[in-house]
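Please read the structure below before turning to the comments.
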Amino acid sequence: MPFRHPDRSHDLATRIEFEVRERLEEAIDYVCLEALVRERRGRGLPPPAAESQDDRRAYTTNVLAFLRLLRRELTPPGGGRAVQPPGDEQAALLSGQVALARSLPDYWQRFEILAESFLAGTATPQGAGSGGESRSLLGRLFGSR
């Protein structure tokens, strides 16, 4: 696959980062659009429309929810979160995922598991559930507490 980075004067690390970011954006876009389509289909509504402000808001809500889920489940223990400057939460979350995708050897396998969970509606927003307790990804997969 040839590098699609528009400015080929950058070094290889920059071009790789661009490719990873682009791949992540495409994957997140797919998951969040699919979630929106399934939700609307389940309610007997027509597919989302690009010109609908309500559909755009619902899509953005899905993107933020999915990025927060990824951050919560994929950030290694003790990995901490960088202090987020005021501004675009979505961009900050995406940058964190790019860094994780480049550093975790099993990132894409874990991403796929979380995407399936998100699409199935089994991923719960942070703080939801009984008492706000959080189970680890492996704990949920293997049914242990």
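The values are calculated or read from the model by the stated rules, or taken from the named source; none is laboratory data. Because the structure is a prediction, the values reported are computed rather than measured. Counting neighbours? That spans all protein chains shown, and the Cβs are built from the backbone with ideal geometry, glycine included.
Please work out which residue is farthest from residue 115 (Cα to Cα), limiting yourself to the range 26-58 and to residues that are without any contact (Cβ under 8 Å) to a residue 24 or more places away in the chain and small (Gly, Ala, Ser).
Ranking the candidates gives 52 first.
Condition check ((1) at pLDDT below 95; (2) aliphatic (A, V, I, L, M)) across all residues:
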| position | (1), (2) |
| --- | --- |
| 82 | yes, yes |
| 85 | yes, no |
| 89 | yes, no |
| 97 | no, no |
| 104 | yes, yes |
| 108 | no, no |
| 111 | no, no |
| 118 | no, no |
| 127 | yes, no |
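Residue by residue through the range 38-55, note down the ones that are surrounded by fewer than 14 Cβ atoms within 10 Å (Cβ to Cβ) and within 18 Å of the chain's Cα centre (by Cα). Spell out the reasoning first.
Step one: of the range 38-55, the residues surrounded by fewer than 14 Cβ atoms within 10 Å (Cβ to Cβ) are 38, 41-47, 49-54.
Within the range 38-55, 38 is the sole residue that qualifies.
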